[in-house]
1. With unit charges on the beta carbons (Lys and Arg positive, Asp and Glu negative) and the dipole taken about the Cα centre of the stretch 389-504, which residue among Gly442, Thr492, Leu480 sits farthest to the positive side?
2. How much length, in nm to one decimal, is gained on full extension between Gln144 and Asp285, taken as 0.36 nm per residue of separation minus their Cα-Cα distance?
3. Per DSSP helix of 4 or more residues, -39500 (n - 2.57); summed, then divided by the residues of the chain. What does that give at 222 nm, rounded to the nearest 500?
4. Distance from the Cα centre of the stretch 434-504 to that of the stretch 257-321, in angstrom?
5. Take every Cα pair under 8 Å in the chain that's 6+ residues apart, average their separations, divide by the length, and report that relative contact order as a whole percent.
6. For the stretch 335-486, report the translational diffusion coefficient in µm²/s to the nearest whole number, using Stokes-Einstein at 10 °C, 1.306 mPa s, and a Kirkwood Rh over Cα pairs.
7. Over all distinct alpha-carbon pairs, what is the Kirkwood Rh of the stretch 419-489 in angstrom?
8. For the stretch 93-180, what mean projected area does the convex hull of the alpha carbons give, in nm²?
Amino acid sequence: MCNHHKALRSSNKDLQEIEKQLDRRTFLKKTSMGIGALALGSLLNANNVWGTPNTSSSLENSLLDTINPNKLGLPHHSPKVKRIVYLFQSGGPSQLDLFDYKPKLTDMFGQDLPDSVRAGQRLTGMSAGQTAFPIAGSTLGFKQYGESRAWVSEAMPYLSEVVDDLCFIKSMHTDAINHDPAITFFQTGSQLPGRPSIGSWLSYGLGSDNDNLPTFISLVSKNGGGQPLYSRLWGNGFLPTEHQGVQFRSGKDPVLYLSDPENYDGNDRRNMLDYLGKLNDVATDTYGDPEINARMSQYEMAFKMQTSVPEVTDISNEPEHIFEMYGEDSRDPGTYAANCLMARKLLEKDVKFVQLYHQGWDGHGNCPGGVKSQSKKTDQANAALIKDLKQRGMLEDTLVVWGGEFGRTVYSQGQLTETNYGRDHHPKAFTMFMAGAGVKAGFSHGETDDFGYNITKDPVHVHDFQATLLHLFGIDHERLTFKSQGRRFRLTDVHGHVVKDILN
């Protein structure tokens, strides 16, 4: 008998021995719990206990749904979006220096912001000690572009070329005033850590369109800087671990611990995973813990990624005109431009959610210089990604989202001069934009007052933004829930509505 067949016979004996170790007490415990659950189901309304899969009102997370998200019966309605790239600008870009043009502020330069405008809104600890709040109109020039006549700052010359593809939301507002809770709120729907991120909710609800790559991939640019970011921002929270985001890095190993150890050829890895799968089947039958299957699916994905990741992260075959379009930085792996190019490659492979993080937008001092610096690193790549998706016919079913965790104040933090100023955090009014599938092109939603401080028309809360995003994927945000610690959670917590005005 060959060694392979001997190994299989030995493994089967090992599995039989494990099963024999389930003693009489374990058997009685498992069966009694099952009988008790059936008895409870006979006393109560069975649909309320177990849910009613495959009906329009069946998004109650039954036990089966928790173990197998394919039972969720999603999408709820016809989706407009197949995939998304979320360009998160960490630090809070200044809307007043980029998109929300306020010409009257030039004449009010240095005047104190009227108390009636601030109306007692809370301040951060960085400007709470100020006795005056001098108005700082933007020192950057603005012009109108495209048929939509959208105002764009001189800091974004490349983006001005694609304004007729953009849908601006100029009336965003959030509940958080400091970076960590504000970023966490945007990504998970809660200011407190521990909830699943948007990408994890989409992975759980809709599954994957590519069996060889993760559903949710995160990229952090190396040429940012500023406020720290944490892996929990792309974490799965209380959802099964297979739905957590996978960070791709620059360098030799894009995914940590994916490469084989030195001097190991990996030829027996398939046999190892098959045997490990049998062990996990026994463990699942014994304990009924869905995390066992989730962990096994991660092992299988890692096995497939050993082949798929080197291929998708190789940009050497991109033609010269693509590098020229994205900018010189796109040749340097890990930069924002290179990550935008990588995002396009991942979207081509039907990765459902690609998240880019770029730090460095925190403009407490030298805000004009900071806006110019960060725009130089990101502007060309932002526009190139939209153009690239459009020329490949992918913008029709891909959603592009750009924005940070909050905006910046109209008043100067610290010393104000004719050429320089700082801006503090401002959660009450800021700008984001979208492009692509499902949203109106060349459109602007919402307005702020003459100071860019308060919203005067069509406010959009973070939960409204999240509800709209899920809607575009065919999901009713109120019906995608997951039961944890006795409560059914959802991305939008207990409120939020779809912003229908921006939808096609």
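1. The Cα lying farthest towards the positive end belongs to Leu480.
2. Working: separation 141, 0.36 × 141 = 50.76 nm, distance 6.43 nm.
44.3 nm is the gain from fully extending Gln144 to Asp285.
3. Numbers: 14 runs with 173 residues, N = 504.
Rounded to the nearest 500, the figure is -10500 deg cm²/dmol.
4. 36 Å
5. Details: 958 pairs, mean separation 133.8, N = 504.
27 percent.
6. Numbers: Rh = 17.9 Å.
Translational diffusion coefficient: 89 µm²/s.
7. Numbers: mean 1/r = 0.0655 Å⁻¹.
Every distinct Cα pair counted, the radius reaches 15.3 Å.
8. On the way: hull surface 29.3 nm².
Mean projected area for the stretch 93-180: 7.3 nm², to one decimal.
Read-outs: derived from the displayed coordinates by stated rules, not from any lab. In this text, all values refer to a predicted model and were calculated from it rather than measured experimentally. Neighbour counts are summed over all protein chains in view; Cβ atoms, including those assigned to glycine, are modelled from backbone coordinates with ideal geometry.
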